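The values are calculated or read from the model by the stated rules, or taken from the named source; none is laboratory data. Predicted, not measured: the structure shown is a model, and the values here were computed from it. In this analysis, Cβ positions are derived from the backbone assuming ideal geometry, glycine residues included, and neighbour counts consider all displayed protein chains.
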Amino acid sequence: MVSALAMALVAIVYVIQAFKIPSGSMEDSLLVGDFLLGLKFIYGAPVLPFMYTKFPGVTNPKPGDVIIFKYREPTRKTTSSGAWPGRATPSRSTPPG
């Protein structure tokens, strides 16, 4: 059981990983929500997880290749009053009515 978990972890970190298409930037060939498997060692797998240092890749990207990159979710920040930026805060000085 432990060896299977260790082999799966090594495979996910260095060899292959499943991804879901988060945006419509490639709608001619891939749709939002589609899944694909990325081979990490082709363009260089990470030396250690969560680091940007990579092993040398087997080849370089060519036109037409699908490139997987880290996608950051947009973050929403609140102001000190608790309102979303750009939105008016309701006035509490006058009673509703």
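Observations
- Only residues that are outside any helix (DSSP H, G or I), free of Cβ contacts under 8 Å to residues at least 24 places away in the same chain and closer than 20 Å to residue 55 by Cα were counted in region 1-16, giving 0.
- Residue list for region 1-35, restricted to those being among the polar types (S, T, N, Q) and more than 21 Å from residue 64 (Cα to Cα): 3
- In region 63-73, the residue that is modelled with the lowest pLDDT out of those that are closer than 18 Å to residue 37 by Cα and exposed (fewer than 10 other Cβ atoms within 10 Å of the Cβ) is 70.
- Filter pass, residue 35 being of a type in the set (Phe, Trp, Tyr) and under 16 Å from the mean Cα position of the chain (by Cα): yes
- Residue pairs whose Cβ atoms lie under 9 Å apart, separated by 6 or more positions or on different chains, with the first residue in region 26-48 and at negative phi and without any contact (Cβ under 8 Å) to a residue 60 or more places away in the chain and the second surrounded by 12 or more Cβ atoms within 10 Å (Cβ to Cβ) and of a type in the set (Ser, Thr, Tyr), are 40/14; 41/14; 45/14; 46/14.
- Taken together, the residues in region 25-48 that are surrounded by 10 or more Cβ atoms within 10 Å (Cβ to Cβ), assigned to a loop (DSSP other than H, G, I, E, B) and of a type outside the set (A, V, I, L, M, F, W, C) amount to 5.
- The lone exception for residue 7 - which of (1) surrounded by 10 or more Cβ atoms within 10 Å (Cβ to Cβ); (2) at pLDDT below 85 it fails: (2)
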